[in-house]
Structure formats: C-alpha cells, structure tokens
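Next up is a structure, given as structure tokens.
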Amino acid sequence: MPSCAECGPYACASGDKKKAPASCPMEQSSKTLDRVQKEYHKPEILNMAQNAARVEQEGYCRWTRVEEIMIFARKAGYKKIGLAYCVGLRREAALFNRILKDNGFETVSVACKTGSVPKEHLGLTDEEKLRPGQFEAMCNPVAQAELLNEQQTDLNVLLGLCVGHDTLFIRYASAPATVLAAKDRVLAHNPLGALYAGHYFQRRYNIEQKP
Ligand code: SF4
C-alpha cells in the first residue's frame, strides 16, 4: 500500500521516476494512476484542476488564503459561496462573509449550532457537555451541509469546524469544498504549530487508546 509519507527521493515531484522506492504507487498501482488521468478530462474536474494550478502559480507566496479562495472561485466561475462556520469564529465569519460580498460573490452562511438541538439528542449525558447542567446545542454539520445543498452553492468554504464535525459536513455536502481555517483552539487555529514546535508536544503524542 502507498506510504508516500515515508518516502525519501520524492521521485514523483522531480520527474525522475527511476528513483522511486519499491513501495511507490507509481510502481505498485500504475493502472489506478493511468485510470484517474481520465478524470481530469471531465469538464467540471478540469475546471477545478486548471484553476487550482493557476492560483498556485500566480499567487505563489504572494496571496493569502483568503485571496486565493476568492481568486480560485472567480476563475472557476463559482458565484454562490456557502460558508459553513463555527459559532466560536462568528466574528471571523462575519468579516469573511463581508469580504466575499464586497468582492461580488453571493453568500449563504450557516452556523454550526443551527437547529438549536440539545446534545442529549446524540445520546450524550449531562457530564459529557462542556457546561453540565446547562442547555448546550449540538454542532449540526449535517444541517449545515443540507442547508447549503438546498441553496445549490457553487463552492463551500469551511471555517473552523471541529474535528469530526468537518468530517460529517464533507460527507453530506454536495458542492466542492475548501477550507479557510482548521480549528485548533490551543494554537490559534494553526494546527501545524504542534508539528513545527513538536519537541514541546512530543510526550503528548502517545495518545492513549480508549475503547
Ligand atoms: S509517489 Fe513514489 S516517489 Fe512520490 S512520494 Fe510517493 S513513494 Fe515517493
């Protein structure tokens, strides 16, 4: 099975395929790789792939992700942007929503707590809530996805959805998606900080296996 994350030569990136390791999917799964090439001939996929590459090239180390999202959307012809965001980032969502509108996009935005369904609906106990004894609305990523599906958004942008809630949103959403920010409450929504400063965190990474 592919284990690119353990590769040394990265022959795929250099084009020098002779240096590929034995476990390389270019060796082991060449049929799959040949087959998927045809996917890029589908107009919808080609549109995304071409414009992603153009944004990469034109904005390389110059454009912020906010800019890249808007320029990618404009190039790809996406006019209606769905914003699936966390209420913990409501200020950021309001600002990003306004930036999108100021730049000519139509927006549809849905907060994670929509529906106001109590966490008990998921079979969670009072002790499993952040603040036991109080009403706590469950995050509702399935509703976020379905509400955006109903509005037939062209592109969805995830902003700070929790781990697992983003998983559910992606599972249910119809439109293509990109991520403005991945939530990390400890690291100012910069999850890679835990890897860049890995020596501070190393002892915490032996995550205890719980049933
Ligand atoms: S595709 Fe092959 S060469 Fe590229 S990273 Fe994976 S194992 Fe390495």
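Each reported figure results from applying straightforward, stated rules to the coordinates on display, with no laboratory input. Everything numeric here is computed off the predicted structure, so don't read it as measured data. As a convention, Cβ positions derive from the backbone with ideal geometry for all residues, glycine included, and neighbour counts pool all protein chains shown.
If you count the DSSP beta bridges with both ends in the chain, what percent of them are antiparallel, to the nearest 5?
Working: 1 of 16 bridges.
The antiparallel proportion sits near 5 percent.
Which pairs, out of LYS42/LYS75; LYS119/LYS183; LYS129/LYS183; LYS79/LYS119, put more than 23 Å between their alpha-carbon atoms? Mind dumping the intermediate values first?
Details: LYS42/LYS75 17 Å; LYS119/LYS183 20 Å; LYS129/LYS183 19 Å; LYS79/LYS119 35 Å.
Where the Cα-Cα span goes over 23 Å, the pairs concerned are LYS79/LYS119.
Near the amide H of THR107, under 5 Å away, which other amide H atoms are found, from residues 5 or more places off or on another chain, if H is placed in the peptide plane?
ILE81
Also, quick follow-up: Could you work out how much longer the chain between LYS79 and CYS12 gets when fully extended? Use 0.36 nm per residue separation minus the Cα distance between them, nm to one decimal. Please list the in-between numbers first.
Working: separation 67, 0.36 × 67 = 24.12 nm, distance 3.47 nm.
Gain on stretching LYS79 to CYS12: 20.6 nm.
Continuing with this model, one more query. Using θ = phi - 60° and the Karplus relation 6.51 cos²θ - 1.76 cosθ + 1.60, list the HN-Hα couplings for segment 41-49 in order, rounded to whole Hz, with x at every Gly or Pro.
These are the phi-based 3J(HN,Hα) values: 8, 6, x, 5, 6, 4, 4, 5, 5 Hz.
Using +1 on the beta carbon of Lys and Arg, -1 on that of Asp and Glu, and nothing else charged, what's the dipole of segment 57-204 about the Cα centre, debye to 20? Could you put the intermediate results ahead of the total?
Values: 19 positive and 16 negative charges, 78 e Å.
In debye, rounded to 20, segment 57-204 gives about 380.
Would you list, by chain and number, the aspartates and glutamates whose Cα falls below 15 Å from the Cα of LYS113, excluding same-chain residues fewer than 8 positions away?
Result set, ordered by chain and number: GLU136, GLU146, ASP166.
Here's something else I'd like to know. For the chain, find the longest principal axis of its Cα atoms and tell me its angle to the long axis of helix 65-76, 0 to 90°, nearest 10.
70 degrees
Determine ³J(HN,Hα), in whole Hz, for all residues of segment 106-112 in sequence, where each value follows from phi through the Karplus function 6.51 cos²θ - 1.76 cosθ + 1.60 and θ = phi - 60°; x replaces Gly and Pro.
Taking θ as phi minus 60°, the curve returns 8, 10, 10, 10, 9, 7, 5 Hz for segment 106-112.
Something else: Which angle from 0 to 90°, rounded to the nearest 10, does the C-alpha axis of helix 141-150 make with the longest principal axis of the chain?
Taking Cα atoms only, the helix is inclined about 80 degrees.
Search the structure for amide H atoms under 5 Å from the amide H of VAL117, placed 1.01 Å from N in the peptide plane, and list their residues when 5 or more places away or on another chain.
Sorted by chain and number, the residues that satisfy this are MET138.
As a test of the formula, what do you get for the chain when each DSSP H run with n ≥ 4 contributes -39,500 (n - 2.57) and the sum is divided by the residue count, at 222 nm and rounded to the nearest 500 deg cm²/dmol? Don't skip to the answer; put the middle values down first.
On the way: 10 runs with 83 residues, N = 211.
After summing the helix terms and dividing by residue count, I get -10500 deg cm²/dmol.
Follow-up. Please report the relative contact order for the chain, taking Cα pairs under 8 Å with a sequence separation of at least 6, and give it as a percent rounded to a whole number.
Relative CO of the chain lands at 15 percent.
Calculate one ³J(HN,Hα) per residue across segment 5-18 by plugging θ = phi - 60° into the Karplus curve 6.51 cos²θ - 1.76 cosθ + 1.60, and present them in order as whole Hz with x for glycine and proline.
Along segment 5-18, the couplings run 5, 9, 6, x, x, 6, 5, 5, 6, 7, x, 8, 5, 4 Hz.
Non-local amide H neighbours of SER29 (under 5 Å, H modeled in plane, Pro and chain starts lacking H): which ones?
Correct list: empty.
Let me ask something additional. Using a cut-off of 17 Å between alpha-carbon atoms, which lysines can reach LYS17, once sequence neighbours fewer than 8 places away in the same chain are excluded?
LYS31
Could you compute the net charge surrounding GLY193? Neighbours are other residues with a C-beta less than 15 Å from the C-beta of GLY193; K and R count +1, D and E count -1.
+2
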